[in-house]
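The next block holds one structure in the form of structure tokens; read it before the comments.
The values are calculated or read from the model by the stated rules, or taken from the named source; none is laboratory data. None of the values given here were measured: they were computed from a predicted structure. We place every Cβ from the backbone using ideal geometry, glycine too, and count neighbours over all the protein chains shown.
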Amino acid sequence: MQRDDSGTVMDTGRIISRRGVFASGAALGAAAMIAGQRAVLPRAASAGDTPPQPPRHGSALVPMHPRVDQITDLKVCIRPFRAAGPRLDVERIGNKIVFHNYGHGGSGWSLSWGSANLVVGNVAATLNRKVAVIGCGIVGLTAALTAQRAGFDVTIYARDLLPHTRSVRANGSWTPDSRIALTQTAAPGFADQWEQMARFSWATYRTYLGLPGAPIMFEDNYILSDTSFENQHPTPAPSEAPGAMPRVSEDFARYSGRIRDIVPAAEDVPPAENPFAAPHARRRSLMIYNFGAYGHLLLSEFHQAGGRIVIREFHSPHDLTTLPEKVIINCPGYAAREWWRDDSLVPVRGQTAWLPPRPDAPYGLVYRGAALLSKTDGVMIQAFDLDGLGEMTGVGNSLEHPDPAEAARAIGVFADLFARMPAAAG
Ligand SMILES: Cc1cc2nc3c(=O)[nH]c(=O)nc-3n(C[C@H](O)[C@H](O)[C@H](O)COP(=O)(O)OP(=O)(O)OC[C@H]3O[C@@H](n4cnc5c(N)ncnc54)[C@H](O)[C@@H]3O)c2cc1C
């Protein structure tokens, strides 16, 4: 049994037949608002094109035929996993009040707004108007924007800005409970806190839909399987006391069931409508993040609201005492393990291969431990579980060197899938 970064369960069985015919088928409420400040609303980064439209169900889908010689980039990222869930507590360093906001595992994009909402709600209680944000990955940038929207005067201090951070080496879709905590190690109230973060994030992301350049959009995502979804491998039991490290996939917490009322459900694709050479298919409408358009939009919003960015590297918590701001939101991601000496962070390596964009084929696939998303900034192919390890894939691995062989295997999954389509399809 496998899960992609979105927690989708699928089987790892072998091909059993050739099928299908292509083309036939609130912590941050009023209390946190400082009077007289203008709310910063999402705006388009640039005028122009209409967002790509997902294909209508049952209409023709264009095959993609991905090839290794089409790779434009290989990106390796480390998920900042903490067994207890993200670090959101407060600490004093000298005369500074440091609000932590890091350790979001494989869910940093998805939970970013909700996490920022919780943290900024606490920051508001300090009654300081000037705030420093450490880090400009997706967690730091959304925290900075959320603080601005609450009326704070914000300066970001970071070694790298969003387009050059680990964040943009992710998959980039709605995966709010991917390696976010361990069921038995998370604090008793964490599930409720997670739900609050997920709901707030979802609502905020919805305000970025339908904009020029499609920073955020929905895409049809097909989950394919060689065996029936009902007859998949039995679920192994979780470990009795996993502590800080997961031992089996089932140790990871699952909370998605709590927000079923707002996230589109997957539906079975009837055999007559299944265009793929895999006998079983499910389709869901998946929210995806187009890193280029979305990142540019967020940085533009931050600057337009008067935010300042200082490029700076910190080497120890003590360095923060030299900042002019008394209140600090700390969003360094996995790097907290190095300079904050936070050993509770466990690296979970992941890699994505990027191929040229395919606006003519706006759909995604999950099959045999690999995932494909067709985004405005490229076709992303990820090997999330080629060896049947489930969510244990990459756990404890902090190597950030690209692995071309891994990329080739993942691309091969889809090349093989499309090659098994009838010739008329290609
Ligand atoms: C393969 C893969 C796929 C993923 N897919 C998804 C997905 O589909 N959906 C999802 O929600 N999540 C996904 N994730 C998880 C997501 O990428 C992370 O949770 C997220 O990027 C964490 O963001 P961050 O801002 O905390 O950290 P980072 O992006 O690492 O940003 C940290 C910031 O802090 C700065 N910084 C760090 N140390 C210092 C220092 N000493 N001095 C100054 N500045 C410093 C950095 O320069 C940077 O600006 C995926 C992860 C991987 C590996």
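Some observations on this one:
- Test: residue in region 356-364 that is under 18 Å from the mean Cα position of the chain (by Cα), more than 9 Å from the ligand (Cβ to nearest atom), in a strand (DSSP E or B) and under 21 Å from Ala214 (Cα atoms): yes
- Filter pass, Gly135 being of a type in the set (Gly, Ala, Ser) and away from the ligand (no atom under 13 Å from the Cβ): no
- Residue satisfying condition, being among the small types (Gly, Ala, Ser), surrounded by 23 or more Cβ atoms within 10 Å (Cβ to Cβ) and away from the ligand (no atom under 11 Å from the Cβ), within set Ala293, Ala371: Ala293
- Flag if Ile138 is over 17 Å from the mean Cα position of the chain (by Cα) and under 21 Å from Tyr289 (Cβ atoms): no
- Members of region 257-272 found to be of a type in the set (Lys, Arg) and assigned to a loop (DSSP other than H, G, I, E, B), listed by number: Arg260
- Single residue of region 337-355 satisfying the filter (part of a loop (DSSP other than H, G, I, E, B) and over 21 Å from the mean Cα position of the chain (by Cα)) that is nearest to Ser316 (Cα to Cα): Trp340
- Options Glu313, Glu301, Glu325: the member that is crowded, with 20+ Cβ neighbours inside 10 Å, of a type in the set (D, E, K, R) and not in a helix (DSSP H, G or I): Glu325
- Options Arg337, Arg258: the member that is within 14 Å of the ligand (Cβ to nearest atom), within 28 Å of Asp89 (Cα to Cα) and modelled with pLDDT of 95 or more: Arg337
- Annotation: of all residues in region 151-175 being within 18 Å of Leu297 (Cα to Cα) and assigned to a strand (DSSP E or B), the one that is farthest from the ligand (Cβ to nearest atom) is Val154.
Residue by residue, here is whether (1) at pLDDT 95 or above; (2) crowded, with 22+ Cβ neighbours inside 10 Å; (3) farther than 21 Å from Asn330 by Cβ holds:
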residue	(1), (2), (3)
Val154	yes, yes, no
Arg159	yes, no, no
Ser167	yes, yes, no
Ala187	no, no, no
Trp194	yes, yes, no
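- The one condition in (1) under 17 Å from Ala371 (Cβ atoms); (2) within 14 Å of the ligand (Cβ to nearest atom); (3) of a type in the set (Asp, Glu) that Asp226 fails to fulfil: (2)
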